[in-house]
Amino acid sequence: MTAKEALTRARQILVHYNIEDAPLESEVLLRYALNITRVQLYQDIRQELTPEQEKAFWHLIERRCNHEPTAYITGHCEFYGLDFFVDPNVLIPRPGSELLVEEALAIAGKHSAQKKRPYLIAEAGTGSGAISIALARHLPQAKIYTVDISAPAIGVAVKNCRQNGVEGQIILLQGDMLAPVPEPVDLIVANLPYITDKEMGELSPEIRLFEPKLALAGGEDGLDKIRQLCRQVRNKLRPGGSLLLEIGLGQASNLTNFLQALYPSARIKVAPDYAGIDRVVGLTFPGMWGILSPTGLTSHLSKKLSKAR
Ligand SMILES: C[S@@+](CC[C@H](N)C(=O)[O-])C[C@H]1O[C@@H](n2cnc3c(N)ncnc32)[C@H](O)[C@@H]1O
């Protein structure tokens, strides 16, 4: 059987098993089985496969027909133009989370222009490390604390930090939310689990059977973990610091109401993704802690001024 014939047959099988993007998936799996680039595949498309190559390829196709995600089969995933190792201990990074990275870079860009000291970032829910690593690659002056409750996930993130050459910038910590972060930071980012209990039962087999539940389940309305984090941020942010949270479809108003009640003096912003769905909620605290006095000064600054008078 030639590579071309194998591709055609694999496509038909994947379509039969309701696998989306069958042409692309069969091509990626054939290239992985043969360990060749896309250009090499199409240069040698009429070449006969060896019996070993055929056996390896049909084994991969069988795994995909059982709904195992291609990223777990090949151990690779691309995010923000970078290559990441992934296995079933971590969520496969989603293209939608690139918006969180973009929003974070916009905030960090404004601040780092003004300040000489290193810009400090913390991430809750590291997973593969994709978000922290993308930020580190674009903010060489930043120091990033990144926390996951899952020890195997931290193991994957360690590997990805090395693979992407940012191990000197990222401090990986195992623990609950921001508890292990040792100092207040300028920016907190998080793509925590936000799937509702109802949605958990409706997930595709690729997600339900293979991705870690710990990375998905967010409780009845999906916001359990996010609210837990929000309650902690006040003690973990520097004055003027910001929080950025990725959320699911329809969660923006519940979360913004909760944040407004929790932090009345903070500014809240919601950013939609390319499909127009509210995807990132941002919160920025005032430049100095304390409740704004009637004159518009923070209580801390008011006291200092009245002493000076
Ligand atoms: C939706 S995944 C996101 C992973 C990665 N940041 C990404 O965007 O691809 C959420 C991550 O949060 C972690 N997590 C869940 N509960 C946590 C907690 N209480 N403290 C820290 N991490 C937690 C999970 O283990 C999982 O890796």
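The values are calculated or read from the model by the stated rules, or taken from the named source; none is laboratory data. This is a predicted model, so every value here is computed, not measured. Reconstructed Cβ throughout: ideal geometry from the backbone, glycine too, with neighbour counts over all protein chains shown. Protein only, heavy atoms only, side chains kept; ligands, DNA and RNA dropped before computing areas. Shrake-Rupley method; radii C 1.70, N 1.55, O 1.52, S 1.80 Å.
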Trypsin sites (Lys or Arg not before Pro), restricted to the stretch 62-131: which are DSSP loop and have at most 11 other Cβ atoms within 10 Å?
115, 116
How tilted is helix 151-163 with respect to the longest principal axis of the chain? Cα atoms for both, answer in degrees (0 to 90, nearest 10).
80 degrees
Charges at C-beta only: +1 for Lys and Arg, -1 for Asp and Glu. How large is the resulting dipole of the stretch 58-128 about its Cα centre, in Debye rounded to 20?
440 debye
From the phi angles alone, apply the Karplus equation (6.51, -1.76, 1.60; θ = phi - 60°) to the stretch 211-220 and give each ³J(HN,Hα) in whole Hz, x where the residue is Gly or Pro.
8, x, 4, 4, 8, 10, 6, x, x, 4
How much of the accessible area of the chain, probe 1.4 Å, is carbon plus sulfur, in whole percent?
54 percent
The chain - mean residue ellipticity at 222 nm from DSSP helices (-39,500 (n - 2.57) per run, n ≥ 4, rounded to 500):
-13000 deg cm²/dmol
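Quick check: residue separation of residue 36 and residue 1 times 0.36 nm, minus the Cα distance between them. What number comes out in nm?
10.8 nm
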Positive end of the charge dipole of the chain (Lys, Arg +1 and Asp, Glu -1 on Cβ, about the Cα centre): tell me which of 147, 210, 259 has its Cα farthest that way.
259
Distance cut-off 23 Å, Cα to Cα: go down the list 4/55; 116/236; 110/159; 143/236 and report the pairs above it.
110/159
Once you have the Cα-Cα distance between residue 261 and residue 249, take 0.36 nm times their residue separation minus that, and quote the gain in nm to one decimal.
2.2 nm
For the chain, the longest principal axis of the Cα atoms and the Cα long axis of helix 3-16 enclose an angle in degrees, to the nearest 10, of 60 degrees
Quick one: dipole size for the chain, taken about the Cα centre, charges +1 on Lys/Arg Cβ and -1 on Asp/Glu Cβ, in debye to the nearest 20.
2000 debye
Can you compute the modelled spin-label distance between residue 47 and residue 65, with each label point 7 Å from Cα toward Cβ, in nm?
2.6 nm
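Let's test the formula: R0 of 22 Å, r as the Cβ-Cβ distance of residue 220 and residue 94. What FRET efficiency results, to the nearest 0.05?
After rounding, the FRET efficiency stands at 0.45.
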Efficiency by 1/(1 + (r/R0)^6): what FRET value for residue 83 and residue 141, r their Cβ-Cβ distance, R0 = 22 Å, to the nearest 0.05?
0.40
Would you mind working out the accessible area per residue for the stretch 90-284, using a 1.4 Å probe, and quoting it in Å²?
43 Å²
Relative to the longest principal axis of the C-alpha atoms of the chain, give the angle of the C-alpha long axis of helix 252-262, reported between 0 and 90° and rounded to the nearest 10°.
30 degrees
Residue by residue through the stretch 179-193, which ³J(HN,Hα) values in whole Hz follow from phi under the Karplus form 6.51 cos²θ - 1.76 cosθ + 1.60 (θ = phi - 60°), with glycine and proline marked x?
3, x, 6, x, 8, x, 10, 7, 8, 10, 10, 7, 10, 7, x
Could you pull out every residue, at least 5 positions away or on a different chain, whose amide H is within less than 5 Å of the one on residue 238? Hs are placed 1.01 Å off N in the peptide plane, and Pro or chain starts have none.
185, 186
Each label sits 7 Å from Cα toward the beta-carbon; between residue 158 and residue 117 the label points are separated, in nm, by 3.0 nm
Computed label-point distance, nm, for sites residue 15 and residue 167 using a 7 Å Cα→Cβ extension
4.7 nm
With an 8 Å cut-off on Cα pairs and a minimum separation of 6 or more residues, tell me the relative contact order of the stretch 90-284 in percent.
20 percent
Enumerate by residue number the GluC sites (Glu not before Pro) in the stretch 203-267 meeting two conditions: DSSP loop (anything except H, G, I, E, B), and at most 14 other Cβ atoms within 10 Å of the site's Cβ.
220
